[in-house]
Structures are given as structure tokens and as C-alpha cells.
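Written below as C-alpha cells is the structure these notes are about.
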Amino acid sequence: MDKKNTMLLTVIAVATLLVAVVGATFAFFAIQATSESNAKATITGSTENANVGSVALTGNTTLKLNLTAENMSKANQGKTYYASTDGTAKESEEKLTVGTATLTGGDSGIVYECTANYKVTYDDSSANIEWADADETNGDDKAVLKLYGKDANVTLDGDLATAIKLKDLQTAATAGKTGTVKFKLTGTGETVTEELQASLSLANSDKEQQTRLANKTFTVTLETTAFSCDTVKE
């Protein structure tokens, strides 16, 4: 009897220890993943404990701005054109979603801080142009890419924190411009998302754009190169 009782107590002690270890994973965990190529648009991480859920980042996006001869005509000087979801030039700014962090299955109240490394490049093949003299306020030809967090839970750093001139992207070539985006997601027991947004624009000015920019397509690509998440206490 004594031996059986001793074995039973030992099993109970081991089981208690395992429960404690699993409970500890709920308090802190890390997700690590990297993108292999531009074709891989979704990066996902998870843990063995279902309570902490899983986080996925859809982060590779291409923005296009198609400018017609009419857009760049003298009659339309002074107008600024913005990229839309289908590349058509619009006269009002459209903040397009270019990255979405999604938390699935996380317990209510658990806070997740995720960091994504981004590289931004400019495709010069469809719009190989010589840019006009720099505009100190808005950039050369006022052609810029701006990135935004949809709300205060998305913050930007590095090159992404300020407007990026297309001329500078062209000069940077394949090295592009780089920076980090931090997504803060708080579990609710349901699916939670946070978004990175972008605006690609170019202004019709008096710098002979009719011959240089008409019937051109400006293409910018945002690529995620790494993604990691940690839970934090608040």
C-alpha cells in the first residue's frame, strides 16, 4: 500500500508541475517568422497553448498610380492625384490598407506587441523618368508615399515614419527604404485586427509634366522581411 500511495503522490506532483509550466506559457510567449519571398504574403505564428491564440500578418502589397495625359494636362495644373485600389488616379486621398495584423483565438485582456520589418521599393521599369527640381515641402514633383497607422495601436519607425519621395526610392533601387511597424493587439476572445495604411500621390504642377509624366504608371512595393510578437503585461 505504501508503495502504491507513494507512486500516486509522485504522479500527482508531476501532473501539477506540468499544469504550472503550461500556465506559464500563457503569461509570456514569442512568435518568430520571416517571409521567404514577395510571393509569400501571410506570415503566421502560434504557440502550443490555444489560449494565447495565433497572430498572422498579411504584409506584401503593391501600389500603382496610373496617370493619363488628361491628368497631366495644363487644364488640371494644381491638382494632386492619389492611387486607388485599382491604380486609377483619384483627386481625393485614399488611405489604402497595405498590411493587416490579425489575432485569432486570444483570451480577453491579453496584450500582444508585434513588430514587422518592412522594405519599400520603386519599380522604375514602367516610369523611368527624370524628376523635376526638388520641392522642399512635398518632394520632387510632389510625388510621395506616406504610411499611416489606422489608429494609435499602429506606430512606424525608420524611413517609414516620414513621407518617402519617389525620387529617393528610385535612387535607392533594390535596397529600397526600410523601417519597422509595431502592431498592438489586445485579445477580446474574438478576432482582432490592426492595419497599416498608405497613400501614394503625385501633383500636376508647372514643371513640364505633360511630356515627362503623362501616361506613366508609378509602382511601389511594400515587402515584409520579418515578423515577431510578444505578449506583455499592462
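Quickly run through segment 102-121 and pick out the residues that are open to solvent by 10 Å² or more (accessible area, probe 1.4 Å) and under 16 Å from the mean Cα position of the chain (by Cα).
Passing the criteria: THR102, GLU113, THR115, ASN117, LYS119, THR121.
The rows are residues; the columns are (1) without any contact (Cβ under 8 Å) to a residue 24 or more places away in the chain; (2) touching a Lys or Arg at 6+ places or on another chain (Cβ under 9 Å); (3) open to solvent by 50 Å² or more (accessible area, probe 1.4 Å); (4) assigned to a strand (DSSP E or B).
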| site | (1), (2), (3), (4) |
| --- | --- |
| THR62 | no, no, yes, yes |
| ASN66 | no, yes, yes, yes |
| GLY78 | no, no, yes, no |
| SER84 | yes, yes, no, no |
| GLU94 | no, no, yes, no |
| THR100 | no, no, no, yes |
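Which members of segment 129-153 meet the condition of being at pLDDT below 65 and out of contact with any Lys or Arg (no Cβ under 9 Å at 6 or more places or on another chain)?
Correct list: GLU136, THR137.
Could you tell me whether segment 106-118 includes any residue that is farther than 25 Å from GLU194 by Cβ and at pLDDT 90 or above?
no
Taking the residues in segment 163-189 that are of a type outside the set (D, E, K, R) and more than 20 Å from ASN60 (Cβ to Cβ) as candidates, determine which candidate is modelled with the highest pLDDT.
Taking segment 163-189 as the starting set, the residues that turn out to be of a type outside the set (D, E, K, R) are 163-164, 166, 169-176, 178-181, 183, 185-189.
So of that shortlist, the ones also more than 20 Å from ASN60 (Cβ to Cβ) come out as 163, 170-171, 186-189.
On the way: ALA163: 94, GLN170: 85, THR171: 85, THR186: 91, GLY187: 88, THR188: 88, GLY189: 84.
Here the residue is ALA163.
Take the residues of segment 145-195 that are in a strand (DSSP E or B) and among the hydroxyl-bearing types (Ser, Thr, Tyr): which is least open to solvent (accessible area, probe 1.4 Å)? Can you show your working first?
Quick first cut of segment 145-195, residues in a strand (DSSP E or B) only: 145-149, 154-158, 164-165, 177-186, 192-195.
From the residues that got through so far, the ones that are among the hydroxyl-bearing types (Ser, Thr, Tyr) too are 148, 155, 178, 180, 186, 193.
On the way: TYR148: 56, THR155: 70, THR178: 71, THR180: 38, THR186: 59, THR193: 71 Å².
This residue is THR180.
Need the failing condition index for SER205 against (1) closer than 19 Å to MET72 by Cα; (2) among the polar types (S, T, N, Q); (3) in a helix (DSSP H, G or I), just the number.
Tallying (1) closer than 19 Å to MET72 by Cα; (2) among the polar types (S, T, N, Q); (3) in a helix (DSSP H, G or I), SER205 fails exactly one: (3).
For LEU200, are the conditions met, namely being under 26 Å from VAL120 (Cα atoms), of a type in the set (A, V, I, L, M, F, W, C) and assigned to a strand (DSSP E or B)?
yes
The values are calculated or read from the model by the stated rules, or taken from the named source; none is laboratory data. Only a predicted model underlies this, so the values are computations on that prediction, with no experimental measurement involved. Backbone-built Cβ (ideal geometry, glycine too); neighbour counts: all protein chains shown. Surface areas here come from the heavy atoms of the whole protein model, side chains and all, with no ligands, DNA or RNA. Shrake-Rupley method; radii C 1.70, N 1.55, O 1.52, S 1.80 Å.
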